[in-house]
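Read through the structure below, which is laid out as structure tokens, and then see the notes.
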Amino acid sequence: MMTKGSPQMKGIPHFKEEQCAPALNLEMRKILDLQAPIMSLQSVLEDLLVATSDGLLHLIHWEGMTNGRKAINLCTVPFSVDLQSSRGSFLGFADVHIRDMEYCATLDGFAVVFNDGKVGFITPVSSRFTAEQLHGVWPQDVVDGTCVAVNNKYRLMAFGCASGSVQVYTIDNTTGAMLLSHKLELTAKQYPDIWNKTGAVKLVRWSPDNSVVIVTWEYGGLSLWSVFGAQLICTLGGDFAYRSDGTKKDPLKINSMSWGAEGYHLWVISGFASQNTENECDSKSIVKQPGILLFQFIKSVLTVNPCMISSTYLESNWPIRFSAIDKLGQNIAVVGKFGFAHYSLLTKKWKLFGNITQEQNMIVTGGLAWWNDFIVLACYNISDRQEELRVYLRTSNLDNAFAHVTKAQAETLLLSVFRDMVIVFRADCSICLYSIERKSDGSNTAGIQVLQEVSMSRYIPHPFLVVSVTLTSVSTENGITLKMPQQLPFCPPVVLAQSVENVWTTCRANKQKRHLLEALWLSCGGAGMKVWLPLFPRDHRKPHSFLSQRIMLPFHINIYPLAVLFEDALVLGAVNDTLLYDCLYARNSAKEQLEVLFPFCVVERTSQIYLHHILRQLLVRNLGEQALLLAQSCAALPYFPHVLELMLHEVLEEEATSREPIPDPLLPTVAKFITEFPLFLQTVVHCARKTEYALWNYLFAAVGNPKDLFEECLMAQDLDTAASYLIILQNMEVPAVSRQHATLLFSTALEQGKWDLCRHMIRFLKAIGSGESETPPSTPTAQEPSSSGGFEFFRNRSISLSQSAENVPASKFSLQKTLSMPSGPSGKRWSKDSDCAENMYIDMMLWRHARRLLEEVRLKDLGCFAAQLGFELISWLCKERTRAARVDNFVLALKRLHKDFLWPLPIIPAASVSSPFKNGKYRTGDECSIGSATDLTESSSVVDGDWTMVDENFSTLSLTQSELEHISMELASKGPHKSQVQLRYLLHIFMEAGCLDWCIVIGLILRESSVINQILVIIQSSEVDGEMLQNIKAGLQAVDRWAATDCPGYKPFLNIIKPQLQKLSEITEEQVQPEAFQPVAVGKTPEQTSPRAEESRGSSGHGSIPQGEVGGSSLVSRKEEDTAQAEEEEPFQDGTYDCSVS
């Protein structure tokens, strides 16, 4: 030890003379020869108790005298199962002696371990400590004890056993018998490799605050447990036991250990002894010599660590004994050896006592708590020798001048705040209630008044055994309500639960979630958690006389609970997590570093749901109505579906895998309970998909036939869930049943435009047909492209649309885009060998759907359908040209297209239509020329009102009012850009397939005379079916009549194309014998179809289609890119487009 004022100490910063370690002077006073080896010695108040190997107990006074008392022979001490037995038996073997013992002050006796492995508790029956007055009790079932440690606060005795477990006993207050409280043992589930290979328990040590116990074993390893057996750390598994490459480490062997005085740190003397010496390298890499290790903050999972506390305060007040945080989580107060300090998380500033004398004059005894902006604490005033209750305001300076002080009768051991009341528990075993309120005199202080005092001495054996006292809004059977400020009626105490480590309750109220907010939550260590749940009668009916008002339900969680979120049905807690020091690991080093052997530990704060446990417990107890009320109150929580799924899954796993027959299975009850919720179908199928196939029959016997559940999904339009049921059916039924249900789902998915699902259904049906039904189709994972986007183009076709715009800056448009098919799962489906029955069956369904879409004039849906499923639209349209692909009612088709593509019906402007531009670039009324309004709609600058940027020549033009009106009318009569792209694409498809009547309809809606011209060219150059010509002629006449009566906006355009219509009717009359129209082959090059390509300029392709609007990935071959570039370089007429089909 360093003496006071030594030079080494003075060099330390912040060193204060009075704080240095005192000088200790040791001198020998006396030698006592006890004639036998000493096995154990214990200090008992003013005496020293020594156990020797000859079976004697020596009671020695500290002065060194034996006080004339004889040594007690253990063989003369009677032992029995409890203290009520009239006669006890004596230890019946000759060489009996005590191997280990520890005195327990709160039980007033010794926990002992004998050399034969028996354990017991020796207590004096009267105040005199003589052989005649001693009596022992022992449990019958412990015969392999090795060591013992006593917890005075909780009156527990922990006996280590040779089996590797620790048995924790307490004493029954009435009989004096030893009762088993709980066991600390590793389970085969958690530690399959080592749970029964640890060797005997070597050391057991309780922490100074008695909240945790540390256990080590003979073969190495260390474990930390909470007071009632929740495991916090164990070094026999995970990163503690294995290196990152999977090789096993030798466990850490511990020869001796001791907690630091404050209980934050654990000091260990380690000895590493390698058990495997086969490999020379391995034996070298183990540290041979013992070393001193320090584990810092080892019990972090359940304690407050002084990590960020002001060094000025800590310097003279270490260790931190209490802490509290306010309701808003913005202010923290801490208590050390003297005084207290508080910290604001908002301002990041500490507030300490300005007067150090005031700080050093108070010792906080019973803790502290926040009440609004005030700190309430119980303390001892050293100078006045007085117990006090004080209230300090957070915002004022920390000084006694601003404190409200109330004198107290006895030392306060515990303090807490509930609403506007302070509850204190005192050393005389009494509870005192105070009311607290802010003073109205403007002095910024709070006043405290005594409400009531209640003595608890009849119920509590020792005041220091009480761990916490809280006032709650939870009432017992009598339904006590708090009426202030009169006397509170206290009923006799009721024992609710044992082995309780923590209690949570709230004073908040929520009518929707009464079950959760009016419950009392308990943490019971190794036994998990318990909830004391209120039971409410339904619909305000009178409660049944036989129904209790509350019920205690136990449940297990995987974390150490630290807080309960009442409304959210969550438990917040912590688990110990580890990180490996991989970078420090080197196998060939002479010795393995300690960091490698012992990983870095971190406390992971996490949450856990518990609702499924409580619902299940209620159902087990036939309280289904209460379970339903509770579940309905929580149905809006985001994880409620997961709660139902977990409950179903856990019950299914337990019952379906049980070896014994279950007399009263719970699964049917759980299944019936889940049907009360709309998520029933999803819950069942998700549970089935996550469970082994072997358990499915048991599950569906309880929840219903999967075929019926599938049909329910279809009726509810829940196709994704239906698809999941299809996978169940595929495994449980014959292929014919799967095909039947898959067909149903496929047609529904087609109808609803669920393209991703459609693609999976095509694959599924093909798999059934080709005998691959053993492998279920994977669930959809790809992001489904938005069906409102531009159509994706067909596989094996690449349409390159180029536009040349000489006068438009390059940055304004993307001048050339190449569009190609997406690479989807259905690529190879349409290959030449797709003539097997299964493909035919799928094709028939696709054709039927396409026919329906055309009959109902749903062109937009038809485009999406073809693009998404890779449907060969052109070849199908060729076949259906005179049947489904024939336009029966032109007027209806035109109206539908306007509605589907959000295309406005044309209107006639107020001013007479005259040529806006005199330079001849734009012709009068030629709305069809793509170079006019289309260019304007594409340029972003037009939208922003920057007209001069559209064309360089425009900068010198001055536009008149009427010309501006004309341009704005043109813009108003166009639909969305995306619709324009889609319509032009469809026009191109119908042109390819020779469906000229549809081309006419699209030409009309786009109001482009060049389309009509092009159709006339085709009719003149090829033999076209006369019936189709007659249909076109009749259709155009119907449109003309409709325009005259209902839509005059179409008249100007119809007048423009009058010459073409005249020509058309002449051709129709000339034609005598209709012949089948032969469409141009798809594979021809642009050069071969030059008349078509020439004529199609400006009609069948739109130049600047933004890539994002075409849903597919625009991948084309190198050759196509080259062709496209060559086309781009050719000088085209202003505002024209080129469409090449390769």
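The values are calculated or read from the model by the stated rules, or taken from the named source; none is laboratory data. Because the structure is predicted, anything quoted here is derived from the model rather than measured. We place every Cβ from the backbone using ideal geometry, glycine too, and count neighbours over all the protein chains shown.
List the strands (runs of 3 or more DSSP E) that sit entirely inside the stretch 112-203 and contain at least 3 residues that are crowded, with 16+ Cβ neighbours inside 10 Å and in contact with an Asp or Glu (Cβ under 6 Å, 6 or more places away or on another chain).
In the stretch 112-203, the matching strands (runs of 3 or more DSSP E) lie at 145-151.
Residues being over 17 Å from CYS507 (Cβ atoms) and modelled with pLDDT of 85 or more: count how many of those fall in the stretch 451-479.
The number of residues fulfilling the criteria is 15.
Quick one: GLN717 ticks every box in (1) under 18 Å from ALA688 (Cβ atoms); (2) surrounded by fewer than 18 Cβ atoms within 10 Å (Cβ to Cβ); (3) modelled with pLDDT of 90 or more bar one, so which box is it?
The single condition GLN717 does not satisfy is (1).
Just checking, which of ALA671, ALA688, ALA701 is surrounded by fewer than 20 Cβ atoms within 10 Å (Cβ to Cβ) and closer than 23 Å to LEU729 by Cβ?
ALA701
Taking the stretch 573-602 as the search range and keeping residues that are crowded, with 17+ Cβ neighbours inside 10 Å, in a strand (DSSP E or B) and touching a helix residue (DSSP H, G or I) at 6+ places or on another chain (Cβ under 6 Å), which one is modelled with the lowest pLDDT?
It comes out as ASN576.
Filtering the stretch 480-503 down to residues that are among the aliphatic types (A, V, I, L, M), closer than 19 Å to SER226 by Cβ and assigned to a loop (DSSP other than H, G, I, E, B), which residue is modelled with the highest pLDDT?
VAL500
Assuming ILE768 fulfils every condition listed in (1) under 24 Å from ALA688 (Cα atoms); (2) at pLDDT 90 or above apart from one, which condition is it?
Condition not satisfied by ILE768: (2).
Give the residues of the stretch 224-252 that are surrounded by 21 or more Cβ atoms within 10 Å (Cβ to Cβ), among the polar types (S, T, N, Q) and either in a loop (DSSP other than H, G, I, E, B) or free of Cβ contacts under 8 Å to residues at least 40 places away in the same chain (or both), sorted by residue number.
THR235 - this is the single residue of the stretch 224-252 that is surrounded by 21 or more Cβ atoms within 10 Å (Cβ to Cβ), among the polar types (S, T, N, Q) and either in a loop (DSSP other than H, G, I, E, B) or free of Cβ contacts under 8 Å to residues at least 40 places away in the same chain (or both).
For the stretch 261-279, state whether one or more residues are part of a helix (DSSP H, G or I), closer than 30 Å to ILE557 by Cα and either at pLDDT 80 or above or not assigned by TED's automatic domain parsing to the domain that holds LYS183 (or both).
No; the residues of the stretch 261-279 include none that is part of a helix (DSSP H, G or I), closer than 30 Å to ILE557 by Cα and either at pLDDT 80 or above or not assigned by TED's automatic domain parsing to the domain that holds LYS183 (or both).
Suppose the filter is under 34 Å from the mean Cα position of the chain (by Cα) and of a type in the set (Ser, Thr, Tyr); does TYR242 pass it?
yes
Do you know which residues across the stretch 407-459 are among the β-branched types (Val, Ile, Thr), buried (at least 16 other Cβ atoms within 10 Å of the Cβ) and farther than 15 Å from ASN372 by Cα?
THR412, ILE423, VAL424, ILE431, listed by residue number.
What residue, of GLN190, GLN231, is closer than 24 Å to LEU580 by Cβ and at pLDDT 90 or above?
On the way: GLN190 fails: at pLDDT 90 or above.
It is GLN231.
Just one of (1) at pLDDT 85 or above; (2) under 21 Å from VAL503 (Cβ atoms) trips up VAL301, so point out which.
Of the numbered conditions (1) at pLDDT 85 or above; (2) under 21 Å from VAL503 (Cβ atoms), the odd one out for VAL301 is (1).
On the given criteria, is SER323 of a type in the set (Ser, Thr, Tyr), assigned to a strand (DSSP E or B) and either at pLDDT 95 or above or surrounded by fewer than 21 Cβ atoms within 10 Å (Cβ to Cβ) (or both)? Let's see the steps before the verdict.
Working: of a type in the set (Ser, Thr, Tyr): yes; assigned to a strand (DSSP E or B): yes; either at pLDDT 95 or above or surrounded by fewer than 21 Cβ atoms within 10 Å (Cβ to Cβ) (or both): yes.
Yes: the conditions hold for SER323.
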